[in-house]
Amino acid sequence: PGSRAGGRFGTPREELGLLGPRAEEPGPPNSRPSGPPSGPIEGSRDDPRDHQKPSGGGPRGGPKPEQPPTTVLATDAPSSPLGGGHRRWPPVDLPLTLGSLTVHSLGAGPVATWPPPGFHSSRLFASTRRPTRRCLYSCRVLEGPRCQLLCQDEPGRPLAAATPDLCHRRLLQALAQAGGRPKAPAPGAGDHFFGLSHPTVRRLLRGEAPGDEEDEDEEEE
């Protein structure tokens with residue numbers, strides 16, 4: 001039995017597997033583990049210039065940096081007789097005589113404004129000072145618009161109103177006060193007196209060339 005215990009057979013405890021595996025022998029004191037390092041490695045510190053490098057947004061691909069929106073400037077469209085600009089008259093020699101009416105200016109206001117500011121005409125009519133004789137009246141459309149009649153015999157007494165019809169009505173009232181007997185005004189008598197309803201004037205105000213209409217203008221009593 002003594003030779004059995006000291007021979008090729010181990011101790012009884014080893015044969016029964018009661019002893020655990022042998023502990024690994026410690027290696028040399030200067031050996032290092034073979035796994036990855038757990039701490040920072042020298043030489044791998046962040047370079048502050050790395051934050052200034054592009055992150056793939058250049059021409060080689062990747063998301064491109066946002067660009068500010070491009071502003072498209074719209075060019076001003078030329079004025080048109082049918083739009084909101086100013087009137088453009090066809091070539092015409094002024095003053096234009098149409099019977100007892102003379103047109104000195106067609107005006108220069110916006111197309112949507114009626115009557116056109118700057119319009120100027122003149123005609124002969126009964127004087128508010130001496131109704132038995134006739135004198136020259138100046139018919140103007142001022143800014144506002146505001147219409148004005150000025151009798152040559154009374155230059156310091158202009159007759160003004162908002163429309164040609166109201167202005168013409170004041171003229172008839174002044175004639176009646178002076179002893180005249182004017183006729184009752186017909187609808188549109190103010191436009192007729194100013195010359196705004198004359199066919200040639202209306203064509204010119206629309207930007208058209210004057211036609212072959214009769215140039216005679218019927219005179220009022």
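The values are calculated or read from the model by the stated rules, or taken from the named source; none is laboratory data. Here the structure is a predicted model, which means the values were calculated and not measured. Here Cβ is always computed from backbone atoms with ideal geometry, including for glycine, and neighbour counts include all displayed protein chains.
Which residue, of P155, P145, P185, is modelled with pLDDT under 95, farther than 28 Å from E208 by Cα, crowded, with 16+ Cβ neighbours inside 10 Å and of a type outside the set (A, V, I, L, M, F, W, C)? Outline the logic, then answer.
Details: P155 fails: crowded, with 16+ Cβ neighbours inside 10 Å; P145 fails: farther than 28 Å from E208 by Cα.
None of the others qualify; the one that does is P185.
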Just the residues that are outside any strand (DSSP E or B), in contact with a Pro (Cβ under 8 Å, 6 or more places away or on another chain) and not acidic (D, E), please, taken from segment 141-161. G144, P145
Could you figure out which of (1) under 23 Å from T132 (Cα atoms); (2) surrounded by 13 or more Cβ atoms within 10 Å (Cβ to Cβ); (3) in contact (Cβ under 8 Å) with a residue 40 or more places away in the chain isn't true of P210? (1)
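Just checking, which of S127, S138 is under 22 Å from T102 (Cα atoms), among the polar types (S, T, N, Q), out of contact with any Lys or Arg (no Cβ under 7 Å at 6 or more places or on another chain) and buried (at least 16 other Cβ atoms within 10 Å of the Cβ)? Steps first, please.
On the way: S127 fails: out of contact with any Lys or Arg (no Cβ under 7 Å at 6 or more places or on another chain).
Going through S127, S138 in turn, just one is under 22 Å from T102 (Cα atoms), among the polar types (S, T, N, Q), out of contact with any Lys or Arg (no Cβ under 7 Å at 6 or more places or on another chain) and buried (at least 16 other Cβ atoms within 10 Å of the Cβ): S138.
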May I ask you to list the residues in segment 192-207 that are free of Cβ contacts under 8 Å to residues at least 60 places away in the same chain, touching a helix residue (DSSP H, G or I) at 6+ places or on another chain (Cβ under 9 Å) and in a helix (DSSP H, G or I)? H192
